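Notes for the one structure printed next.
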Amino acid sequence: MTNVARAAALLRAGELVAFPTETVYGLGADAGNPRAIARIFAAKGRPADHPLIVHLPDASHLERWAVDISAAVGKLAAAFWPGPLTLILKRHPSVLDAITGGQDTVGLRVPNHPLALQLLREFDGGVAAPSANRFGHVSPTTAAHVREELGDAVAMILDGGPCAVGIESTILDLSGGEPRILRPGMLDAAAIGAVLGRPPAFGGELNAPRVSGSLEAHYAPGTPLQLVAAADLAATAAKALAAGRRIAVLAPEAPVHVHQKMVWSAASADAAQFAHELYARLRELDALGCDLILVAAPPAAEAWRAVADRLRRAAAGSK
Ligand code: TXA
Ligand code: MG
């Protein structure tokens, strides 16, 4: 039996299977099995009212999960699936409350990773999958990260190497009214707007618990993380070092000359590359056991919106 066939059999048996997607690794369970879904919440330590994204093998499965599917949905699916876009639609009555958090909507996406797609085709159904990290932690972008986070709580981890995109999918709410981006991702508003014929709005409810990824206390490493304006980085680093603190710095350039108590990690000046590396870098810097992680704030450009969002939350969550 291939690994994918074994993984699909485990899903059918109600077990948890972690699998790679192009964004981050997902912690998968049969979206039609309440007991399997309960295992996701237990393994993550995640509050039960937080809804889960259902992963589908292709857009032809949409009607099993959603109703009131508009023409815009078809256009977006044709343009971006498989890919890093999650659509929030009106739920089909058969979708379990454990998936939707009791809401009348459901999040759906077709991930763009060969192993994920093989698994979803072999399983031939919806796979509920949050990011495969403990609640509030940094999302995993390698199989090793998943093992560190969840260990024995998962029956199998499919290893597809490092995730290409590196941060979570863009979440677009199409469940009524104006299309709204609830969570920015590397698939940006301009690309979505070009397909919709007008730019989407951005969610005004970023702190609402219905999008758990929007809670401030998310994506946080264990070491306190401070986001610092690039112009202030040298002074902030010098002050921390003068106070005898050990610091890790993620910035395009070293803020001070070599210092025994400073580790500098060179940050990419390219937003896509920065996103690709971000969570692995945060894990590495966290593992150094420094007193503080300083991150240079990224440019205030649209291309950096999703990265800036995750960094802001990491800083807020680490306090
Ligand atoms: O890239 C991704 O989206 C990854 C990979 C594994 O696909 N998944 C992911 O799942 O990031 P998760 O659970 O870590 O984050 C999904 C976010 C959560 O904040 C959840 O609250 C929100 O999507 N969500 C899911 N269904 C929703 C719904 N019906 N309405 C509003 N928010 C929803
Ligand atoms: Mg998550």
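Here are a few things to note about the model shown:
- Relative contact order, percent, the chain [alpha-carbon distance under 8 Å, six or more residues apart]: 19
- Sum of side-chain charges, LEU11 neighbourhood, beta-carbon under 15 Å (Lys, Arg +1; Asp, Glu -1): +1
- Cα centroid of the stretch 121-167 to Cα centroid of the stretch 241-267, whole Å: 31
- If the segment from ALA266 to ALA300 were pulled out straight at 0.36 nm per residue, it would be longer than the present Cα-Cα gap by 10.3 nm.
- Segment ARG121-GLU178, length gained on full extension (0.36 nm per residue, minus Cα span): 17.3 nm
- Charged side chains reduced to their Cβ positions (Lys and Arg at +1, Asp and Glu at -1) give the chain a dipole of some 440 debye around its Cα centre.
- Distance distribution P(r), the chain, all Cα-Cα pairs, bin width 20 angstrom from 0: 33, 55, 11, 0 percent.
- For ALA66, the residues whose amide H sits under 5 Å from its own are HIS92, ignoring neighbours fewer than 5 places away on the same chain, with H placed 1.01 Å from N.
- Cβ crowding within 10 Å, taken as a proxy for footprinting-reagent exposure, orders MET186, MET262 from fewest neighbours to most as MET262, MET186.
- Projecting the Cα atoms of PHE274, LEU225, PRO299 onto the charge dipole of the stretch 225-317 (Cβ charges, centred on the Cα centre) puts LEU225 farthest toward the positive pole.
- Tally of Lys pairs whose C-alpha atoms are under 29 Å apart, taken over the chain, 8 or more apart or cross-chain: 6
- Global size of the stretch 44-112 as Cα Rg and Dmax, reported in angstrom: 12.0, 38
- Relative contact order (%) - criterion: Cα under 8 Å, at least six apart; region: the stretch 226-319: 37
- Nearest-0.05 FRET efficiency for ASP232 and ASN3, computed from C-beta distance (R0 45 Å): 0.40
- Dividing the Cα radius of gyration of the stretch 113-165 by 2.2 N^0.38 Å, with N the residue count, gives 1.16.
- In this rough spin-label picture, where each label sits 7 Å from Cα along the Cβ direction, the ARG64-ALA78 distance is 2.3 nm.
- Exposed-loop-free span, longest in the chain, where GluC sites (Glu not before Pro) count as exposed if DSSP calls them loop and at most 13 other C-beta atoms lie within 10 Å: 1-204
- In a fully extended conformation the segment linking ARG312 and LEU288 would gain 6.5 nm over its present Cα-Cα distance, using 0.36 nm per residue.
- DSSP beta bridges confined to the chain are antiparallel in about 40 percent of cases.
None of the figures in this text is laboratory data; all of them are computed from the coordinates on show. All of these numbers come straight from a predicted model, not from anything done at the bench. Positions of Cβ are generated from backbone atoms using ideal geometry, with glycine treated the same way; all protein chains shown enter the neighbour counts.
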